[in-house]
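Reading through the structure tokens given below for one structure.
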Amino acid sequence: MNRSWRVFRALVLSMAGLLSAGCATQWQTPLKLPNQHTLVREQLVFHSDFQIPVRHRLIEELIARRGDVSRRLGLTLSDEPINVYLFEDNEQFEGYIWKYHPEYPERRAFFVKTDTRLVVYVQWGDRVAEDLRHEVTHGYLHSVVPNLPLWLDEGLAEYFEVARGRRGLNRAHLDLLTERLRRGDWQPDLERLARLDPRQEMTLDEYAEAWAWVHFLMESRPEHAEMLRTYLRQLQSEEREGATEPISSRLRRLPVPPERMLIDHVQHLAARGGGRR
Ligand SMILES: [Zn+2]
């Protein structure tokens, strides 16, 4: 859905809200951030209009995931709060987003970083666990690594959105890439991914490839994971944006072309049955 259509839809929504004032219609849903309940767990500050159990297993998983991100990526995380706004349902979530952020693309959840705040907007639905793991991972990363390239930011979020214990194996992406390989229409290109404009929405194919590069780096060989950790540490301390040598150049120094290694990695995962649902 393009941006102008979303702006138009937001206008229609706000006009409908005005026209129906005083009537019991869906447009009267208060378009505001959830704020009746607040729950603070380590770096995460949850805001909701419904009570969340303090020991909810999903929240426990997000806390544990913080340790995973830190340990697996060799990052010392910050204590900067990540404000997580949990909308009770899709209607309240979309009503709020359409009204205040009509420029946002159509999604179930968002992570937003400003100069002063890290914020997640998410709706409590069937896929809230995956959405929270994804968006909160962005929060953990952005609280300590400035200038994270878009492909790596999304690739890591897609890796860590998978439930714990699956070592980042995102089956939907693996299926998609395996099918594209079978059809002969996928040629990985990390340099192209790295040139993507952060203001543009990534396609599903680009998300899948970003995940595959991250999974390859994290899971194929210890030296590849160490290359990623070194790169992230250097990004953390770089003095100006773009000063750190990209991962793609580092991979080019290896004896085998990185595209070949990535395709082998994906085919190996698929052969192990990782692509089956
Ligand atoms: Zn994301």
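The values are calculated or read from the model by the stated rules, or taken from the named source; none is laboratory data. Being a predicted model, the structure only gives us computed values, none of them experimental. Note that we place each Cβ from the backbone using ideal geometry, even for glycine, and neighbour counts take in every protein chain shown. Side chains are part of the model used for accessible areas, which takes the heavy atoms of the whole protein and leaves out ligands, DNA and RNA. Shrake-Rupley method; radii C 1.70, N 1.55, O 1.52, S 1.80 Å.
Per residue, the chain exposes 52 Å² of accessible surface when a 1.4 Å probe is rolled over the protein heavy atoms with every protein chain present. For segment 37-122, the relative contact order comes to 30 percent (Cα pairs under 8 Å, sequence separation of at least 6). Shown are Arg183, Arg233, whose ranking by accessible area with a 1.4 Å probe and every protein chain present, most to least, is Arg183, Arg233.
Full extension of the chain between Asp89 and Val40 yields a length gain of 15.5 nm, computed as 0.36 nm times the residue separation minus the alpha carbon distance.
Placing a pseudo-label 7 Å from each Cα along the Cα-to-Cβ vector at Asp205 and Val54 gives an inter-label distance of 5.1 nm.
Only helices enter this figure: runs of n ≥ 4 DSSP H residues, each worth -39500 (n - 2.57), summed and divided by the residues of the chain, yield -16000 deg cm²/dmol at 222 nm to the nearest 500.
Relative to the longest principal axis of the Cα atoms of the chain, the long axis of helix 222-237 makes an angle of roughly 50 degrees.
When Trp211, Trp98 are compared by accessible area at a 1.4 angstrom probe, the order from most to least is Trp98, Trp211.
Solvent exposure of Met227, expressed as accessible area, is near 30 Å², computed with a probe of 1.4 Å over the protein chains only. Here, segment 151-277 has an Rg and a Dmax of 14.3, 45 Å when only alpha carbons are counted. Placing R0 at 45 angstrom, the Cβ-Cβ distance between Ala271 and Ile63 gives a FRET efficiency of 0.80 after rounding to 0.05. Normalised by the number of residues in the chain, the mean separation of alpha-carbon contacts (under 8 Å, six or more apart) gives a relative contact order of 16 percent. For the pair Asp79/Arg192, report the inter-label distance in nm, with labels modelled 7 Å from Cα in the Cβ direction. Going from the Asp79 label point to the Arg192 one covers 4.6 nm.
A compact globular protein would have a Cα radius of gyration near 2.2 N^0.38 Å; the ratio found for the chain is 1.08.
Spin-label model, Val128 to Arg229: label points 7 Å out along the Cα-to-beta-carbon direction sit 3.5 nm apart.
With R₀ fixed at 35 Å, the C-beta to C-beta distance from Leu181 to Arg71 puts the FRET efficiency at about 0.65.
Working from Cα pairs under 8 Å separated by at least six residues, relative contact order for segment 133-172 is 41 percent.
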